[in-house]
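S.K.: The structure that follows is given in the form of structure tokens.
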Amino acid sequence: MIKEIPLITNDAVVLGILMSILGLVFWSSQSGLTFFKKLYSVIPPILLCYFLPGILNSAGIISGTSSGLYAMASRYLLPASLVLFTLSLDLSEIWKLRKKAGLMFITASFSIIIGGPLAVLIVSLFAPEIVGGEGADAVWRGLSTVAGTWIGGGANQAAMFEIFKPSTDLFSAMVALDVFVSYTWMALLLYGAGKNNKINQFLKADDQSVTEIKDKIEAYQLSIMRIPKMEDILMILGIGFGVTGIAHLGADTIAPWVTINAPYLSTFSLTSGFFWLVIIATTLGMILSFTKMRNLEGAGASRIGSVLLYVLIATIGMQMNVMAIFRNPGILLIGLVWILIHAIFLLITAKITKTPFFFAAVGSMANIGGPASAPVIASAFHPSLAPVGVLLAVFGYVIGTYGAYVCGLMMQAVSP
């Protein structure tokens, strides 16, 4: 298949476009103009930061696949933003969220594991040719790689590829399914974050635990807030990117060592450099929260972290191609049914247990999106909650291979 060349291939120009989109969105959200007031009463600003780059990608103006901006943002800006978010972290308060966060994470993982075979079974009832295939072209083999990335991440997806060995053409179709469905689902969660109160009313959920943490963090920020000097900004950036450098050094050392000396740990994604990058950056950020560095929050550490995260959001958005659904409509139908089952499980569990939407959204994206996307969803509720998404996503890495393997076997069993 011939790869389409986008209209703009220069990443410097693409970055300029993305930053202009972010600037225009936030300017318009604060402008007070009647049109924008009505617009943002329906669509949260963060959703436009994500969706507008996706439109440009779908139109062929820019390309998320050929651009190096997402790799840059996820490897450099994401770790730095996590460090800056965790500088002011109150671990004792975050720990209070563990029960509901754990419940929704487990529900999300279980729904993906059981949702795969259910989706295959449902589609096979009226279109068995879509979920059929033989040998390396058996659709269930490709779907197992989707289960890997939806429960864990890229390392888990690679593990499923090696275990079940789908054909390269089938795997390409599964990548399209993953990108379209997961990014569409992320857009819906971002929209839901803007309607958090209404959704919690429907769930009859008490959002007090999350609200208390947000209020305490905001009160702490106000108590130490000051006009930042240039040296404050440089120190904040120095810590964020300095720790990111240390995290890269650690990841580049630990991941190859584990690969050579304990390759069986690949089951837990411990051979993934990105896994160690996120773990080290988050851990060092939490350690710094016990030092005087925590006071840099008053100079805007988390606000700078938010800026870095929004750049990541824009680069994630430019991965989405809304036209992908027309290329493999049959395969994508399985993904849509699968994600619908996932949503139903989350909704029912949250409704029965009266769990706030925040936990459902973050638990879902910790599975389907992983460490790059989970903090984005969490920060849509409040920037200081981003580490909650990261911590849950790490558990997805750990169980991803096991869960996807079981899911793959069940999909094989129900395939026509």
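The values are calculated or read from the model by the stated rules, or taken from the named source; none is laboratory data. Since the model is a prediction, treat every value here as computed from it, not as a measurement. All Cβ positions, even for glycine, are placed from backbone atoms using ideal geometry, and neighbour counts span all protein chains on display. Calculation scope for accessible area: heavy atoms of the full protein, side chains included, ligands and nucleic acids excluded. Shrake-Rupley method; radii C 1.70, N 1.55, O 1.52, S 1.80 Å.
S.K.: Within region 101-108, identify whether any single residue is among the polar types (S, T, N, Q), surrounded by 21 or more Cβ atoms within 10 Å (Cβ to Cβ) and modelled with pLDDT of 90 or more, and answer yes or no.
M.R.: Yes, there is a match, as at least one residue in region 101-108 is among the polar types (S, T, N, Q), surrounded by 21 or more Cβ atoms within 10 Å (Cβ to Cβ) and modelled with pLDDT of 90 or more.
S.K.: Another question, if that's okay. Please verify whether SER28 is under 22 Å from ALA380 (Cα atoms), small (Gly, Ala, Ser), open to solvent by less than 30 Å² (accessible area, probe 1.4 Å) and over 23 Å from the mean Cα position of the chain (by Cα), treating the condition exactly as stated.
M.R.: Against the criterion (under 22 Å from ALA380 (Cα atoms), small (Gly, Ala, Ser), open to solvent by less than 30 Å² (accessible area, probe 1.4 Å) and over 23 Å from the mean Cα position of the chain (by Cα)), SER28 qualifies.
S.K.: Out of curiosity, is GLY152 closer than 22 Å to ALA372 by Cβ and modelled with pLDDT under 90?
M.R.: Yes: the conditions hold for GLY152.
S.K.: Have a look at ALA350, ALA378 and point out the one that is open to solvent by less than 10 Å² (accessible area, probe 1.4 Å), among the small types (Gly, Ala, Ser) and closer than 25 Å to SER302 by Cα.
M.R.: ALA378
S.K.: Test of understanding: among VAL243, VAL258, which residue is out of contact with any Phe, Trp or Tyr (no Cβ under 6 Å at 6 or more places or on another chain), over 20 Å from ALA80 (Cα atoms), in a helix (DSSP H, G or I) and at pLDDT 80 or above?
M.R.: Exactly one of VAL243, VAL258 is out of contact with any Phe, Trp or Tyr (no Cβ under 6 Å at 6 or more places or on another chain), over 20 Å from ALA80 (Cα atoms), in a helix (DSSP H, G or I) and at pLDDT 80 or above, namely VAL258.
S.K.: Quick check on region 269-278. Is at least one of its residues crowded, with 20+ Cβ neighbours inside 10 Å, more than 24 Å from the chain's Cα centre (by Cα) and either without any contact (Cβ under 8 Å) to a residue 40 or more places away in the chain or assigned to a helix (DSSP H, G or I) (or both)?
M.R.: No, region 269-278 has no match at all.
S.K.: Of the residues in region 155-173, how many are open to solvent by 60 Å² or more (accessible area, probe 1.4 Å) and either outside any helix (DSSP H, G or I) or at pLDDT 85 or above (or both)?
M.R.: Of the residues in that region, 1 qualify.
S.K.: Pull out all pairs, ordered by first then second residue, where Cβ-Cβ is under 8 Å, the residues are six or more apart or on different chains, the first lies in region 215-242 and is on the phi < 0 side of the Ramachandran plot and touching a residue at least 12 places away in the same chain (Cβ under 8 Å), and the second is open to solvent by 90 Å² or more (accessible area, probe 1.4 Å) and of a type in the set (Ser, Thr, Tyr).
M.R.: From residues that are on the phi < 0 side of the Ramachandran plot and touching a residue at least 12 places away in the same chain (Cβ under 8 Å), the pairs are PHE241/TYR76.
S.K.: Considering only region 343-386, how many residues are within 21 Å of GLY116 (Cβ to Cβ), of a type in the set (Ser, Thr, Tyr) and at pLDDT 90 or above?
M.R.: Of the residues in region 343-386, 2 are within 21 Å of GLY116 (Cβ to Cβ), of a type in the set (Ser, Thr, Tyr) and at pLDDT 90 or above.
S.K.: On the basis of being assigned to a helix (DSSP H, G or I), among the charged types (D, E, K, R), open to solvent by 30 Å² or more (accessible area, probe 1.4 Å) and in contact with a helix residue (DSSP H, G or I) (Cβ under 7 Å, 6 or more places away or on another chain), does LYS198 make the cut?
M.R.: Criteria not met by LYS198.
S.K.: Six or more apart or on different chains, Cβ under 8 Å: which pairs go from a residue in region 6-27 that's outside any loop (DSSP other than H, G, I, E, B) to one that's exposed (fewer than 15 other Cβ atoms within 10 Å of the Cβ)? Could you list them?
M.R.: Listed pairs, sorted by first residue: ASP11/GLY68.
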